[in-house]
1. Take the Cβ-Cβ distance between residue 177 and residue 339 as r, set R0 to 60 Å, and report the resulting FRET efficiency rounded to the nearest 0.05.
2. How far is it, in nm, from the label point at residue 394 to the one at residue 231 when both lie 7 Å from their Cα along the line to the Cβ?
3. How far apart, in nanometres, would the label points at residue 114 and residue 203 be if each is projected 7 angstrom from Cα along the Cα-to-Cβ direction?
4. State, to one decimal in nm, how far the label point of residue 39 lies from the label point of residue 320, with both points 7 Å from Cα in the Cβ direction.
5. Fully extended, how many nm does the chain gain between residue 284 and residue 352 (0.36 nm per residue separation, minus their Cα-Cα distance)?
6. How long are the semi-axes of the equivalent ellipsoid of the range 196-346, taking √(5λ) for every eigenvalue λ of the Cα gyration tensor, in whole Å from largest down?
7. Considering the convex hull of the alpha carbon atoms of the range 1-146, report its projected area averaged over all viewing directions, in nm², one decimal.
8. Leaving ligands, DNA and RNA out of it, work out the accessible area of residue 407 with a 1.4 Å probe and give it in Å² to the nearest 10.
Amino acid sequence: MRQTDKPQTEAGADQRRPRYHFTPPSGWMNDPVGLFFSEGLYHLYYQHNPYAPEWGAMHWGHAVSRDLLHWQHLPIALAPSEPYDSWEAGGCFSGSTVLHGGLVYAFYTGVCGRDGQAYQTQCLAVSRDGGTTFEKHPANPLIQPPPGVDPAQFRDPKVWRQGDAWYMLLGARRAGRGELLLYRSADLLAWELVGPLALPDDDFGNMLECPDCFTLDGKDVLMFSPMGSESHKVVYLTGRLDCQKPAFEAGHVGETDWGFDYYATHSLKDGQGRRLVFAWANAWTWMPWWNNWGPAESWCGALAMPRQASLLPDGRLAFAPLEELARLRGPRQCFPIERLALGERRELSGVDGLCCELLLELDLARTTAQSLLLRLRSGQGCETLLRCNLAGHQLTFDRTRADAYGKGVRSCPLRAEGETLRLRVFIDCSSIEVFTDGDTAVMSGNVYAPEQACHIYLEAEQGEVVFAGVTGWDIK
Ligand code: FRU
């Protein structure tokens, strides 16, 4: 057991620890929660066990940033302390914040144990100092599980203001099915259940974790992470939220990320009006007690890079890497590769295969190959394959031989339309994120290969690949 009785203060040097993705100072992290932007500062809270690099009684860790690239760790914002939020398999679960009257209101799920089962209620903590210290409200818990709802599956309040009321959306399970419950309040304290939100008929699993809801370019967007769904991992819906019915009328249902490790999305709107989506760069299959594995001695868990969401005319969303990332680039390296003949393999040497950004621009009109294959984190018998199957319109992320842990292949549709296909790949010590098809085909995966697995190769399959550009940057 790696549990200590003191919060660990510093995670030791570990080559697998990401360099430009957010990680906790030490211990465990999962979901980003309570995000807000105020006075030039991005506030990030996150599900945190400061005592061990494995999931345990949940706290809200806290960090702030001015540029989304460098984060300053601040004291823990919420810790289990009350009968309603203290339990070894509970604590202060995920939630959201709103700013009102100069105060920060943090809504979270308090989880305690009753007869060995989790009992989840919705609670409030208020900060008078801009989000650093919080006081739990004396009226807690504010919301008890309603009749028919499983009290162990009733969590993750997302609160926002609309018209002259406050609304809260919660994930829940009723009779084995996942649902979202909508509540309304005039004062942020007394909450009335409006009802379960009607959703389009789809396979949304048995619990809808971490709902988020916002308006983007005139449309409403709903996001959540369904548990036990075969067809979705982190789903988004665009359309119209009707708070009276209540219903979400969706024009489009899509995936925020098609890879392995992207879960529990939560977003904020920043000072430039951008909608930035954060997520835990992991998935529950990585829970140490499932795999008897944590990536390091002293830390576990990271955030995916925040992504900017935008709405496309057909109702889909694009998720672009942050513009800010360009500031981390080292000198630009243009690789003089114009074409790859059938079966030809070229190494991109000179770029740091453990921590870099790649931009590949494919000349689609002149490319005859069925696919372009990227071999990443290659060496010592390991490699992670990204295959752009242009003929079959599919992008695949293959971790079969990536490392000692992650297995499997994930794929997503690849339209590859127009003259040029731009593929951006971000590698950061133990993660790979790929963006293409105008940022609608996005895949993330963690790779815990040894340091020596740092080679990058490009290869053409069944024909010739012609490039309009091959560029790389080390990331500082
Ligand atoms: C999602 C989640 C949330 C919950 C939190 C607990 O990853 O299961 O539903 O609030 O993690 O840490």
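The values are calculated or read from the model by the stated rules, or taken from the named source; none is laboratory data. For clarity, every value in this text was computed on a predicted model and none was experimentally measured. Every residue, glycine as well, gets a Cβ built from its backbone with ideal geometry; the counts of neighbours run over all protein chains shown. Ligands, DNA and RNA are stripped out before the accessible areas are found, and what is left, the full protein with its side chains, is counted by its heavy atoms. Shrake-Rupley method; radii C 1.70, N 1.55, O 1.52, S 1.80 Å.
1. Numbers: r = 53 Å, r/R0 = 0.88.
It comes to 0.70.
2. 1.8 nm
3. Label at residue 114, label at residue 203, 3.3 nm between them.
4. Between residue 39 and residue 320, the label points sit 3.1 nm apart.
5. Value of the extension gain: 21.5 nm.
6. On the way: eigenvalues 191, 106, 60 Å².
Working from the Cα gyration tensor, I get semi-axes of 31, 23, 17 Å.
7. Averaging across all directions leaves 9.8 nm² for the Cα convex hull.
8. 110 Å²
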